[in-house]
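Some notes on the structure that comes next.
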Amino acid sequence: MDAKAVGVLTLLSLISAIVVAVEADYVRPPPRPTLRFPWNPKPSSHPHQICSVVLDNTNSQSQVHISLAGENHIRITWITADKYAPSIVEYGTSPGRYISVAQGESTSYDYLLYSSGKIHHTIIGPLEHDTVYFYQCGGDGPELQLKTPPAQFPITFAVTGDMGQTGWTKSTLDHIDLCKYDVHLLPGDLSYADYVQGRWDTFGELVQPLASARPWMVTEGNHERELIPFIKDGFESYNARWKMPYKESGSSSNLYYSFEVAGIHVIMLGSYADYDEYSDQYWWLKADLLKVDRTKTPWLIVLFHVPWYSSNRAHHGEGEGMMAAMEPLLYAAGVDIVLAGHVHAYERSKRVNNGKSDPCGAVHITIGDGGNREGLAHRYLYPQPEWSEFREASFGHGELKMVNSTHAFWSWHRNDDDESVRSDHVWITSLVGSGCVSGRRQVRRKIVLAV
């Protein structure tokens with residue numbers, strides 16, 4: 001056996017030993033986990049501890065979450081220990097009266113010594129807008145309810161990134177639960193499983209009370225990658241558990257996609273998928289931007305994990321490659337707002353492009369402050385860049401209310417404050433409303449975005 005082969009085998013043995021050791025130190029939930037109340041009652045007393053989960057075996061359906069799946073449709077995802085459990089969802093607009101039923105698909109995966117349960121993905125619809133539906137997964141699960149987004153303005157998004165499973169995460173979720181929102185946007189770093197697959201299960205249980213009631217639209221972060229060279233490709237767990245409408249939007253990858261809701265075109269990009277001008281993601285983005293009709297969707301919002309504009313020392317400059325490749329496309333298309341995570345702090349920019357303030361650029365917001373176990377990023381660059389409007393290292397969440405076709409209201413809420421307290425807020429005028437997406441910009445748009 002040559003030296004290279006010995007080196008590979010040694011690396012594989014080391015990785016397996018590390019993962020086995022971590023798994024041994026982590027209490028994996030029983031085969032059929034169902035959440036009672038997974039959070040510490042006083043999150044601030046142990047803010048960085050992973051939340052303890054109280055589980056039982058009384059129900060076979062667990063980790064229920066929903067996502068948008070094309071016009072007037074919603075995908076419902078859940079997990080069962082029973083590999084023969086059906087992937088059906090019964091639903092209706094009255095409690096206990098299910099007038100419709102949908103059949104879905106299922107998948108599962110193995111990750112070293114871990115085997116997932118049966119992961120069900122079932123699309124229901126067509127559904128009425130702004131309507132409460134009652135549903136049951138698998139034919140015998142508990143009754144849950146969801147609310148579909150409205151067909152037109154106003155609509156409110158809850159926004160948070162880098163969540164994890166700590167006491168601070170619990171506080172963030174509690175705050176979000178108090179606000180009236182229609183869709184949850186999450187720009188990456190969900191469970192912080194980091195190879196320990198049981199943590200995906202506890203995260204699914206942790207967020208189920210909210211994620212089963214409102215659509216959660218997510219994109220991947222670095223903590224979802226879980227790549228093991230020569231053994232496991234990246235994002236296997238994430239792709240199996242959090243299926244997004246990539247096929248519905250013409251994408252070939254679950255790592256980037258788009259969707260439309262109530263007058264907003266939302267693009268979810270992948271910071272960890274290839275993004276140079278020769279990549280599939282780059283050409284998909286071009287094609288997707290060309291399809292945007294600003295008379296139908298006057299607002300254009302983009303999410304990805306690694307921020308392009310951040311004055312925090314943490315991860316500083318990591319987004320420069322993606323920014324160089326894709327910012328010209330977003331600028332030409334007239335993107336209004338960009339939401340990112342990764343940096344564990346909050347920051348909001350002025351409208352900016354090419355490193356400086358620009359009235360026709362996008363407002364960039366970093367909101368990687370959802371509650372992760374790694375703590376906050378307190379070190380900032382000084383002096384504060386002229387494009388940086390507000391910055392603070394605190395845990396919290398954002399709310400983005402699209403009031404009408406020209407005006408939106410953004411607010412950021414610290415976990416330390418009551419939900420009603422807005423620590424930062426601003427009115428944002430759409431680029432359609434300001435005239436940036438008209439006249440000569442339309443000519444430049446066609447040139448830059450030409451496929």
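The label point for PHE390 and the one for ASP110, both projected 7 Å from the Cα toward the Cβ, are 5.1 nm apart. Between the amide H of ARG313 and those of ARG379, TYR380, LEU381, distances stay under 5 Å, these residues lying 5 or more places away or on another chain, with hydrogens modeled in the peptide plane.
Projecting the Cα atoms of TRP283, ASN372, SER311 onto the charge dipole of the range 149-449 (Cβ charges, centred on the Cα centre) puts TRP283 farthest toward the positive pole.
The ellipsoid equivalent to the alpha-carbon distribution of the range 59-148 has semi-axes of 24, 14, 10 angstrom, derived from the gyration tensor eigenvalues as √(5λ) and listed largest first. Placing +1 on each Lys and Arg Cβ and -1 on each Asp and Glu Cβ, with no other charges, gives the range 70-227 a dipole about its Cα centre of roughly 220 debye.
Looking at the range 232-287, the chymotrypsin sites (Phe, Trp or Tyr not before Pro) that sit in a DSSP loop and have at most 13 other Cβ atoms within 10 Å of their own Cβ are TYR278. Rounded, prolate or oblate for the range 104-229? Axes are the square roots of the Cα gyration tensor eigenvalues, ordered a ≥ b ≥ c, and the cut-off for rounded is a/c under 1.5. Taking the square roots of the gyration eigenvalues as a ≥ b ≥ c, the range 104-229 is oblate.
Across the range 208-356, the relative contact order, built from alpha-carbon pairs under 8 Å that are at least six residues apart, equals 19 percent. Of the peptides 184-192, 63-71, the ranking by mean beta-carbon count within 10 Å, highest at the top, reads 184-192, 63-71. Simple spin-label estimate for ILE88 and SER411 gives 4.4 nm between the two label positions (7 Å along the Cα-to-Cβ direction from each Cα). Each peptide in 393-399, 143-149, 381-387 gets a packing score, the mean of other Cβ atoms within 10 Å over its residues, and the list from highest to lowest is 393-399, 143-149, 381-387. Close Lys pairs in the range 149-449, defined as Cα atoms under 16 Å apart and 8 or more places apart or on different chains, number 4. Each residue of the range 345-360 was assigned a 3J(HN,Hα) from its phi angle through the Karplus expression (A = 6.51, B = -1.76, C = 1.60, θ = phi - 60°), giving 6, 10, 8, 10, 9, 6, 5, 9, 7, 6, x, 8, 4, 8, x, 9 Hz with x at Gly and Pro. Classification of the range 149-449 by its C-alpha gyration tensor yields a rounded form. The axis ratio a/c (a ≥ b ≥ c) stays under 1.5. Our note on the geometry: Cα centres of the range 133-199 and the range 259-273, 17 Å apart.
Read-outs: derived from the displayed coordinates by stated rules, not from any lab. Keep in mind the model is a prediction, meaning the values are calculated, not measured. Neighbour counts run over all protein chains shown; Cβ positions are idealised from the backbone, glycine included.
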